[in-house]
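Participant: To start, I am sharing the structure in question, which I have written as structure tokens.
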Amino acid sequence: MHKRQVSHPLTHEGRWEEAVSPSGNRKDISVTSDTSHVAADVDPGSWAVALTPRLAQFVAVARHEHVTRAAHELGVPQSTLSRAMVRLEEDLGVALFARRGRTVSLTPAGRTFLASAERALASVEQAAEAVRADADPAAGKVAFGFLHTLGSETVPGLIRSFRVDHPRVRFSLVQTYGEAMIERLRAGDLDLCLTSPVPDAPDLAARRLDEQRLRLVVPEEHPLARRRRVRLVEAADEAFITLEPGYGMRRIFDALCAEAGFRPRIAFEGEEAETLRGLVAAGLGVALLPPPAVPRPGVRELAVTQPRAVREIGVAWVDGRPETPPVAAFRAFLLSRRGRLLA
């Protein structure tokens, strides 16, 4: 008998936060910024591949302690089931059954193997029920990603409106920056995402939904603070506070500065727009940002007249990937909000 190589799972560090109700049940919305991934390398010669098809057969024989009755339950010939059990023992190199005609009883090794086999089959059953529940048209799940700047008002308002007609649909919400969101979309962690700029890639489908005017944010004592409008080039000599590379707003900012004819001097780079506003309020520089959900004291927000400073916001998904009914319904809802996503 050949020796099989058993593969071990490779665990990636991360964090998953799940909202639970006081009773301990899952709520219908969970929010996370990171997730844990457990990847198992299933080698063609592994025990998992060799044994999985026979686990249900083994459990049936073990429970009935009778090959014929187990074969009847499974709807297979008795001879086929007998050969499968013999092959299972040969592969393992361990006797699982003590045989008396067609009646069998478990050996100590068989009892040990039965406990693990039952747990494995229960896990498969739970996995099947979970994916079926997520695809349920009325109460399934949507994994939805969006930018941090859309999290305080836009996304809660969208979900509230959607659930008027779909009250039981559950959401797994992920807030992150543009590049990470697209990576997670491609990896299958997300069904849909709201992002900016709208991606243009052959493997993705995307639709523009709305646009948002950007503002030059300056400290309230800044010489430009008395103005209501400004050309971006008028801030060319300022120290800028901006998001880190990889953020969609950073790409838009760099492109607008280039269009205005200057290369910005970067004083601070951060990960969250409201933190940048705080740095501006402290007099540490100026920033080009989307409007805040709530006005921030200590700063003035100026309209940029030239170049046209906007960011387009769109919904993206993986082109051609099958989608469940709740995902299809939420995507259709988002597309119906074109031109009024940010209202």
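Participant: If the Cβ limit is 6 Å and pairs must be 6+ apart or interchain, which residue in the range 295-310 that is more than 15 Å from residue 260 (Cβ to Cβ) pairs with which residue that is open to solvent by 30 Å² or more (accessible area, probe 1.4 Å) and hydrophobic (A, V, I, L, M, F, W, C)?
Facilitator: Within 6 Å, the pairs are 298/281; 299/281.
Participant: Next question. Considering the range 251-279 alone, what residues qualify as being closer than 14 Å to residue 216 by Cα and basic (Lys, Arg)?
Facilitator: 277
Participant: Determine, yes or no, whether residue 203 is buried (at least 17 other Cβ atoms within 10 Å of the Cβ) and modelled with pLDDT of 95 or more.
Facilitator: For residue 203, the condition - buried (at least 17 other Cβ atoms within 10 Å of the Cβ) and modelled with pLDDT of 95 or more - is not met.
Participant: Mind checking which residues of the range 156-169 are in contact with a helix residue (DSSP H, G or I) (Cβ under 8 Å, 6 or more places away or on another chain) and open to solvent by 20 Å² or more (accessible area, probe 1.4 Å)?
Facilitator: Once the filter is applied, which keeps residues that are in contact with a helix residue (DSSP H, G or I) (Cβ under 8 Å, 6 or more places away or on another chain) and open to solvent by 20 Å² or more (accessible area, probe 1.4 Å), the range 156-169 yields 161, 166.
Participant: So, in the range 77-107, how many residues would count as being part of a loop (DSSP other than H, G, I, E, B), open to solvent by less than 30 Å² (accessible area, probe 1.4 Å) and not polar (S, T, N, Q)?
Facilitator: Total meeting the criteria: 1.
Participant: Turning to a different aspect of this structure: In contact with a helix residue (DSSP H, G or I) (Cβ under 9 Å, 6 or more places away or on another chain), modelled with pLDDT of 85 or more and either closer than 30 Å to residue 190 by Cα or not in a helix (DSSP H, G or I) (or both): which single residue out of 61, 131, 124 fits that description?
Facilitator: Sole residue among the options that is in contact with a helix residue (DSSP H, G or I) (Cβ under 9 Å, 6 or more places away or on another chain), modelled with pLDDT of 85 or more and either closer than 30 Å to residue 190 by Cα or not in a helix (DSSP H, G or I) (or both): 124.
Participant: For residue 145, work out the one condition from (1) farther than 30 Å from residue 336 by Cα; (2) open to solvent by less than 50 Å² (accessible area, probe 1.4 Å); (3) outside any helix (DSSP H, G or I) it doesn't fulfil.
Facilitator: The failed condition is (1).
Participant: Another question, if that's okay. Taking the stated definitions as given, is residue 298 at pLDDT below 95, over 20 Å from residue 155 (Cβ atoms) and either touching a helix residue (DSSP H, G or I) at 6+ places or on another chain (Cβ under 8 Å) or aromatic (Phe, Trp, Tyr) (or both)?
Facilitator: no
Participant: In the set 234, 221, 211, which member is among the acidic types (Asp, Glu), surrounded by fewer than 21 Cβ atoms within 10 Å (Cβ to Cβ) and within 29 Å of the chain's Cα centre (by Cα)?
Facilitator: 211
The values are calculated or read from the model by the stated rules, or taken from the named source; none is laboratory data. What you see is a predicted model, and the numbers here were worked out from it, not measured in a lab. With ideal geometry, Cβ positions are generated from the backbone for all residues, glycine too; neighbour counts draw on all protein chains shown. For the accessible areas, the whole protein counts, side chains as well, though only heavy atoms, and no ligand, DNA or RNA atoms are used. Shrake-Rupley method; radii C 1.70, N 1.55, O 1.52, S 1.80 Å.
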